[in-house]
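Working notes, beginning with the structure itself.
The values are calculated or read from the model by the stated rules, or taken from the named source; none is laboratory data. Source: prediction; values computed, not measured. Cβ: placed from backbone, ideal geometry, glycine included. Neighbour counts: every protein chain shown. SASA here: full protein model, heavy atoms, side chains in, ligands and nucleic acids out. Shrake-Rupley method; radii C 1.70, N 1.55, O 1.52, S 1.80 Å.
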Amino acid sequence: MKKSLLALAVLTAATGVAQAASSVTLYGKAQVAYQNVSGDVSDADKGFKQTSAGESRVGIKVNEDLGNGMAAFAHLEAKFSADTGASDGDSFFGEKSVVGLSFDNGQHALYFGRSASPMDRFGYSDDHLSSGLGWKSSAGNWTNGAYYDYKGANNGFLLFAGATTKGGYAGNANEGVDDNKMSYGLTAAYRVNPNWVFGVGYQADNDAAKVKNEIGVGTKFTFSPVTFALSYARAKLGAAHADAANAKETRIHSTISAMVTPADKVFVNYLNDKISGYSKEQRFGLGYIHSLSKRTEVFANAGYRKTTYTSGAAATKSKLWDIGMRHSF
């Protein structure tokens, strides 16, 4: 009898703790494709691959309701290569590692740690090719940062801000090191209705070797069943950039996609990436996605890339096609 009462007491206490604890969500995505690349590329790019657009990842979201529309949260997310199981990058939770507070039932969020830069947080892409189509001239997340997001009622006005204490830009060897300039940025966007959004952003990445600052404008519009996206980004490269010191890089990206049936989507991508005085790169892509369920897709892609150089060096060309599968949970 005493054992039964003790067990009941322990169970009751555990239930109380569980009710008071944070809600925890585990999510992720895994993708592998058979990829074939020809032209001026390495044989290592062929075979079963973790294609870059798949970005296989696993994440944990934790949220605790503090009352009066306020909540505490933490968000951890790691990328990995599904073809090998290896972590993508030096840091396991390199994609996101933040803790913060939200207010007014989630309209405001203030958080700290490693997260996407302000321009990245507005960025979008319908891309499933390995062409890295985005609206930025640089890429990656910021470390040692403070971030603020605002999402207005009915997602009308959107604001994304951020600042670091020790320098930004992913891949910066000095990131997180003392005596480096802080990075900062602000992106504002407006969602006219569920089918149309546009935004403009600026950020100072402050990496002397890579990117110093950049601006971007972009819009995305859906007239069912067709979606059109267009973006323009311009960046000033650093004095020690490996390709072109103090040059300017511009990137124009456009995507047209269409839902042929409720389960079938086709799209066309174009990217024009120019580094003044150094190179001009053009990428074209075609893609098809078939949804087997809400969480499982099969896809096929084909792409072409050509890069010409101002120096007169021979142009490089490559072609890509892949067939693969992705599953989200």
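Scan the range 35-55 for residues that are open to solvent by 30 Å² or more (accessible area, probe 1.4 Å) and either touching a Ser or Thr at 6+ places or on another chain (Cβ under 7 Å) or modelled with pLDDT of 80 or more (or both) and jot them down.
Asn36, Ser38, Gly39, Asp40, Val41, Gln50, Ser52
List every residue pair whose Cβ atoms lie under 7 Å apart, where the two residues are 6 or more positions apart in sequence or sit on different chains, the first residue falls within the range 270-290 and is among the hydroxyl-bearing types (Ser, Thr, Tyr), and the second residue, located anywhere, is open to solvent by less than 60 Å² (accessible area, probe 1.4 Å) and not in a strand (DSSP E or B).
Correct list of pairs: Ser276/Ala247; Tyr278/Ala244; Tyr278/Ala247.
With the structure loaded, tell me whether Val58 is of a type in the set (Val, Ile, Thr), modelled with pLDDT of 90 or more, touching a His at 6+ places or on another chain (Cβ under 7 Å) and surrounded by 13 or more Cβ atoms within 10 Å (Cβ to Cβ) or whether it fails that test.
no
Name the residues in the range 307-326 that are within 30 Å of Ala30 (Cα to Cα) and open to solvent by less than 70 Å² (accessible area, probe 1.4 Å), would you?
At the first step, the residues of the range 307-326 found to be within 30 Å of Ala30 (Cα to Cα) are 317-326.
Selection gives Ser318, Leu320, Asp322, Gly324, Arg326.
So which pairs qualify, if the first residue must be in the range 229-244 and more than 17 Å from Val200 (Cβ to Cβ), the second must be β-branched (Val, Ile, Thr) and at pLDDT 70 or above, the Cβ gap must be under 7 Å, and the two must be at least 6 apart or on different chains?
Listed by first residue and then by second, the contacts come to Leu237/Val211; Gly238/Val211; Asp243/Ile275; Ala244/Ile275.
Would you point out which residue out of Gly134, Gly152, Gly168, Gly176 is open to solvent by less than 60 Å² (accessible area, probe 1.4 Å) and either at pLDDT 65 or above or among the aromatic types (Phe, Trp, Tyr) (or both)?
Just a single option satisfies the conditions, and that option is Gly152.
Would you mind finding the one in Gly100, Gly85, Gly106 that is touching a residue at least 24 places away in the same chain (Cβ under 8 Å) and assigned to a loop (DSSP other than H, G, I, E, B)?
Working: Gly100 fails: assigned to a loop (DSSP other than H, G, I, E, B); Gly85 fails: touching a residue at least 24 places away in the same chain (Cβ under 8 Å).
Matching residue, one of Gly100, Gly85, Gly106: Gly106.
Test Phe329 against the criterion of being in contact (Cβ under 8 Å) with a residue 60 or more places away in the chain, surrounded by fewer than 16 Cβ atoms within 10 Å (Cβ to Cβ) and under 18 Å from Ala82 (Cβ atoms), and give yes or no.
It is true that Phe329 is in contact (Cβ under 8 Å) with a residue 60 or more places away in the chain, surrounded by fewer than 16 Cβ atoms within 10 Å (Cβ to Cβ) and under 18 Å from Ala82 (Cβ atoms).
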